1. Can you tell me which of 31, 47, 73 is of a type in the set (Lys, Arg) and closer than 23 Å to residue 161 by Cα?
2. Give me the residue from segment 141-179 that is farther than 30 Å from residue 221 by Cα and either among the acidic types (Asp, Glu) or free of Cβ contacts under 8 Å to residues at least 24 places away in the same chain (or both) and, out of that set, least open to solvent (accessible area, probe 1.4 Å).
3. Can you pull out the residues in segment 305-326 that are touching a Leu at 6+ places or on another chain (Cβ under 9 Å) and at pLDDT 90 or above?
4. Exactly one condition in (1) in contact with a Gly (Cβ under 6 Å, 6 or more places away or on another chain); (2) surrounded by fewer than 16 Cβ atoms within 10 Å (Cβ to Cβ) is not met by residue 136; state its number.
5. Please verify whether residue 270 is modelled with pLDDT of 95 or more and of a type in the set (A, V, I, L, M, F, W, C), treating the condition exactly as stated.
6. From 277, 261, grab the single residue that is among the hydroxyl-bearing types (Ser, Thr, Tyr), modelled with pLDDT of 95 or more and open to solvent by less than 20 Å² (accessible area, probe 1.4 Å).
Amino acid sequence: MKYSIITPVYNREDCVSRCIESVMQQVKKCKTVGVNIEHVIVNDGSKDLTDEICQGYARCNNHIKYISFAENKGTNAARNAAIMTATGDYCIILDSDDYFDDNALLTINQTVISHSEYKHFMFAPDDVDYNKSPLAGCKEKELTYVDFLSGKIATGFIHCINADIMKRHPFDESVRIYEGVFFLSFYKEAQRMLFTNKVVTIRERGRSDSVTLDFVRTKRVVIERGIKANEILLSRFGDDMKQNDCAKMLSGVYMSLYDNYLLLGQYMRIANLKKMYIEKYSNYIYASRKLKILETLTHLRLGGLYRCLLQFYLAMRYRVFKVKIR
């Protein structure tokens with residue numbers, strides 16, 4: 001069995017060595033059981049010493065495949081490049097500020113070998129408490145496409161996915177992040193996934209330069225990415241949501257699109273959204289106080305004011321008061 005570890009990296013001179021060396025430890029341990037590992041690292045146009053550090057490791061370690069972009073293209077572009085280069089049976093995404101537990105690949109391989117009927121496996125990072133989710137008390141559990149499509153399961157995992165599945169469903173590079181939308185394509189093809197509640201990755205959170213800050217809607221480009229991600233979600237999976245009675249998810253997509261269209265003052269797109277939902281998903285919109293407020297703001301054409309107030313609130317919350325993003 002061969003595993004391809006996928007690591008996009010951007011300006012991580014302070015921690016990328018830790019990530020790379022954790023994979024090197026897995027390579028040493030797994031040789032004794034006949035498991036092959038390659039580490040595909042993609043430098044996404046870093047401006048610090050990341051490129052120099054990664055090149056140094058690549059020169060001295062045959063299991064490392066190194067790709068370097070001349071300019072920053074975004075996490076999704078880096079992942080795609082790594083996945084298309086990968087030659088393993090399975091791909092495992094390991095972010096550059098994270099690192100493997102000592103026995104991570106031995107744990108993963110044992111699970112994959114023991115459950116060969118699956119093509120997508122999920123394991124635990126150290127920072128997720130599954131006791132607060134539908135997986136509470138589960139040591140091992142089969143999950144389905146509909147579990148994720150409906151939003152029943154929405155917690156974080158470390159994924160080990162059949163490489164052919166990932167190659168057939170590349171991440172959309174125009175949205176740069178929002179990878180969760182594209183994971184639904186993996187779930188749809190695999191249909192059944194196996195979750196094993198064993199920690200395989202240690203994750204660093206709370207960094208000031210974390211990509212999760214890109215989700216905060218303080219810039220037009222971030223709002224537009226959110227729109228694109230939800231439009232993709234609706235076009236690819238809307239019919240599946242309807243067929244499986246996923247009212248909560250359909251209502252959530254509607255609210256998100258409405259909210260973001262309003263922030264950009266795109267009233268015609270709001271009108272088209274309403275028309276489309278009335279025609280296709282008339283039973284899947286939850287009336288709420290927020291929706292009534294958005295409809296009032298739309299009627300008064302106050303999208304610009306709404307955007308200014310939201311930007312001020314988010315800037316104060318996350319930039320000034322440093323509230324952690326969950």
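The values are calculated or read from the model by the stated rules, or taken from the named source; none is laboratory data. The structure displayed is predicted, hence computed values, not measured ones. Please note: Cβ atoms are built from the backbone with ideal geometry, for glycine as well, and neighbour counts cover all protein chains shown. Areas reflect the complete protein model, heavy atoms only, side chains present, ligands, DNA and RNA absent. Shrake-Rupley method; radii C 1.70, N 1.55, O 1.52, S 1.80 Å.
1. On the way: 47 fails: closer than 23 Å to residue 161 by Cα; 73 fails: closer than 23 Å to residue 161 by Cα.
Only one candidate passes the filter, namely 31.
2. Per the criteria, the residue is 147.
3. Within segment 305-326, 305, 306, 307 qualify.
4. Here residue 136 meets the rest and fails (1).
5. Spelling it out, residue 270 is indeed modelled with pLDDT of 95 or more and of a type in the set (A, V, I, L, M, F, W, C).
6. Answer to the check: 261.
Listed here are the residues, each with its yes/no results for (1) surrounded by 15 or more Cβ atoms within 10 Å (Cβ to Cβ); (2) closer than 18 Å to residue 179 by Cα; (3) without any contact (Cβ under 8 Å) to a residue 24 or more places away in the chain.
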{"position": "243", "(1), (2), (3)": "no, no, yes"}
{"position": "252", "(1), (2), (3)": "yes, yes, no"}
{"position": "265", "(1), (2), (3)": "yes, no, no"}
{"position": "270", "(1), (2), (3)": "yes, no, no"}
